[in-house]
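**Student:** After the structure tokens below, expect a handful of questions from me.
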Amino acid sequence: MGYRYDDQNIFAKILRGEIPCDNVLETEHSLAFRDIRPQAPVHVLVIPKGPYVTYDHFALEASDAEIADFTRAVGQVCQQLGVQPGTGGSGYRVISNAGGDGVQEVPHLHVHIMSGRMLGRMVSAG
């Protein structure tokens, strides 16, 4: 594919231990940490440890073990944060931005897990 991974992005530096993070969960293939500019009372990022730029890049090229680990890490974070609507939490939103139109700021796959208040509609018309 045409993905070029920039190993100097902030998440790569976090993974190498060059920049600290407020760690929420670490697994063999994933890392979750609190966003430094939270947009909701609960705002955690989950990233794969591999060099993937976007979700589609990850879905097409990651190993089965990486995909399973990342997916389970998202579930474990939601459970740990107590945001699961089926278990007493008030719900959450998972967002992954990709490319320019998706307003991706860091060229390393990451999902935002946000909760703790009504987040409103996801996209407004226009």
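**Student:** May I ask for the net charge around residue 99, where only other residues with Cβ less than 15 Å from the Cβ of residue 99 are counted and Lys, Arg are +1 while Asp, Glu are -1? Intermediate results must be reported in sequence, preceding the final value.
**Tutor:** On the way: positive: 4; negative: 6, 56, 101, 105.
Result for the local shell: -3.
**Student:** With only Lys, Arg, Asp and Glu charged, each at its Cβ (+1 for the first two, -1 for the last two), find how big the charge dipole of the chain is about the Cα centre; round to the nearest 20 debye. Let's see the in-between values first.
**Tutor:** On the way: 10 positive and 14 negative charges, 109 e Å.
For this selection, approximately 520 debye.
**Student:** For the chain, taking Cα atoms only, what is the radius of gyration to one decimal and the Dmax to the nearest whole Å?
**Tutor:** Taking only Cα atoms of the chain, I get Rg and Dmax of 14.5, 43 Å.
**Student:** Helix 64-81 versus the longest principal axis of the chain: what angle, 0 to 90°, nearest 10, using Cα atoms?
**Tutor:** Once rounded, the angle reads 30 degrees.
**Student:** Test of understanding: what is the full-extension gain from residue 79 to residue 93, defined as 0.36 nm times their sequence separation minus their Cα-Cα distance?
**Tutor:** Details: separation 14, 0.36 × 14 = 5.04 nm, distance 1.35 nm.
Gain on stretching residue 79 to residue 93: 3.7 nm.
FYI, it's all coordinate maths here, none of it is from the lab. Since this is a predicted model, take the numbers as computed values, not measurements. We place every Cβ from the backbone using ideal geometry, glycine too, and count neighbours over all the protein chains shown.
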